[in-house]
Amino acid sequence: MTISYNFEMERVIKEIAERGVERVLIQLPEGLRPKALWLTRRLEAETGVRAYISGGTCYGGCDLPLHEAESLGVDLIIHYGHNRMLPDAGIPVIYVELRADFDVEELLNEARPLLENWGSIGLASTVQHVHLLPRAAEILRRWGFTPHIGRGAGWTPYDGQVLGCDYSTALSIAEMVDGFLFIGGGRFHPLGMALATGREVVAADPYTGKAARIGRGEAMRMLKRRIAIVEMVKKARNIGIVVSVKPGQSRIGEAEKLRGELEKRGYRAAIITLDVVRADILNDFTEFEAFIDTACPRIALDGLPDLRRPMITLQEAYIMMGVMDWGEMLRRSYPGGGWKRL
């Protein structure tokens, strides 16, 4: 399947010219880094700026290279692949959402056999493809289905948009649909949506051109794995609370509160601050028997393959301590919902 990306070059070039900047830092997620040299050379040729490429992480709109930008003395950050999640803090940021276009009907034809026993279907996607959801809805109506797209708000401002930490658009229509059709790459988002909504999800991947159904069985297997890991952490006595210093993920206040709650219950806890949460770094802290991730929940849920001790999310820590149960957690849009508000 052919996919074309909109790098919004005219807008970026215009903004650089209007702002009168001289040095910019380009931030790209891993899948787009093969375009880094092309972007750098074009921006420098057409605007006269000095452009640098960030080699750090780019996990989302919450992960901006502010420290890199400050150390380089750049005037502007150009962030590709996500929508705005944070207000500018010192150095301004241009967000290029990088909308991706492809033949939606071709992809839906792959998914259609998996939708046949549904009448009402919820639609969802990541920011790259949300603009294609109305077209997908038209196709589904033509085929006799009743499509629904949840209203956007907050960190997911576009109708039908979901994040790994926010499934609110899907939750808003979950009671109205028989199942969900997710358009986008990978299994993390559709699996998270299945857990959050309690509905089955058909994942249509434009990068592979294939579709697969994520049923309740797979979602429950993931939930059982998480329950087992929470029980492992519950038996630990020395716990490391991991805090990210990334501007959109830093939850030091929640970490301090969590430490107090743990120590009231007889645990020994300390806070570990990191820019990038890596297994080799955490493995050096051999006194800790387990870790609690207060940064992006995907760190714990996706897992750090070489981490030698169990890790749970901030939400799961409150389950472990008996503050809430799994039923309440699922109603909060597990695995992501509420992580930034506890």
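Loop only by DSSP, 10 or fewer other Cβ within 10 Å of the Cβ. Give me the GluC sites (Glu not before Pro) in segment 1-52 that pass, ordered by residue number.
On the way: sites: GLU8, GLU10, GLU15, GLU18, GLU22, GLU30, GLU44, GLU46; in loops: GLU8, GLU22.
Of the GluC sites (Glu not before Pro), not one in the loops of segment 1-52 has a Cβ with at most 10 other Cβ atoms within 10 Å.
Which value, in debye to the nearest 20, gives the size of the charge dipole of segment 61-155 about its Cα centre, when Lys and Arg are +1 and Asp and Glu are -1 at the Cβ?
520
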(request) Once you've got the GNM for the chain with C-alpha springs shorter than 10 Å, pick whichever of ASN283, ASN117, ASN109 has the biggest mean-square fluctuation. (result) ASN117
(message) Please check: in the Gaussian network model of the chain (C-alpha springs, under 10 Å), which one of GLY56, GLY48, GLY81 has the largest mean-square fluctuation.
(response) GLY48
(message) Let me make sure I get this right: for segment 101-214, a, b and c are the square roots of the gyration tensor eigenvalues over alpha carbons, sorted descending. Under 1.5 in a/c it's rounded, otherwise prolate if a/b > b/c, else oblate. Which is it?
(response) rounded
(request) Counting other beta carbons within 10 Å of each Cβ, put LYS257, LYS235 in order, fewest first. (result) LYS235, LYS257
(message) Order these by the 10 Å Cβ neighbour count, fewest first: ILE319, ILE214, ILE272.
(response) ILE272, ILE319, ILE214
(request) Under 1.5 on a/c is rounded, so check that first for segment 1-79, then, if it is not, pick prolate when a/b is larger than b/c and oblate when it is not; a ≥ b ≥ c are the square roots of the alpha carbon gyration tensor eigenvalues. (result) oblate
(message) Under a Cβ-only charge scheme (Lys and Arg +1, Asp and Glu -1), can you give me the dipole magnitude of segment 1-159 about the Cα centre, in debye to the nearest 20?
(response) 120
(message) If the elastic network links every pair of Cα atoms under 10 Å, which of SER244, SER71, SER125 fluctuates the most in the Gaussian network model of the chain?
(response) SER71
(message) Under 18 Å between alpha carbons: how many lysine pairs meet that in the chain, if sequence neighbours fewer than 8 apart on the same chain are excluded?
(response) 7
(message) Positive end of the dipole of the chain, charges at C-beta (+1 Lys, Arg; -1 Asp, Glu), about the Cα centre: which of MET85, SER125, LEU282 has its Cα farthest in that direction?
(response) LEU282
(request) Per DSSP H run of at least 4 residues, take -39500 (n - 2.57); add these up for the chain, divide by its residues and hand me the 222 nm value, nearest 500 deg cm²/dmol. (result) -10000 deg cm²/dmol
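Find, to one decimal place in angstroms, the Kirkwood hydrodynamic radius of segment 220-331, where the mean of 1/r is taken over every pair of different Cα atoms and then inverted. Display every interim value, and only then the final one.
Working: mean 1/r = 0.0716 Å⁻¹.
Result for segment 220-331 stands at 14.0 Å.
Which order do VAL130, VAL96 fall in if you start with the one that has the fewest other Cβ atoms within 10 Å? Don't jump to the answer; show the numbers that get you there.
Working: VAL130 26, VAL96 22.
Fewest-to-most Cβ neighbours within 10 Å comes out as VAL96, VAL130.
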(message) Taking the Cα centre as origin and putting +1 on Lys and Arg beta-carbons and -1 on Asp and Glu beta-carbons, what dipole magnitude results for the chain, to the nearest 20 debye?
(response) 880
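Would you mind computing Rg(Cα) / (2.2 N^0.38 Å) for the chain, counting N as its residues? Present the calculation step by step, with values, prior to reporting the outcome.
Working: Rg = 21.3 Å, N = 342, 2.2 N^0.38 = 20.2 Å.
Compactness ratio reported: 1.05.
Since every read-out is calculated from the coordinates, none of them should be taken as a lab result. All figures in this text were calculated on a predicted structure; none of them were measured in a lab. Every residue, glycine as well, gets a Cβ built from its backbone with ideal geometry; the counts of neighbours run over all protein chains shown.
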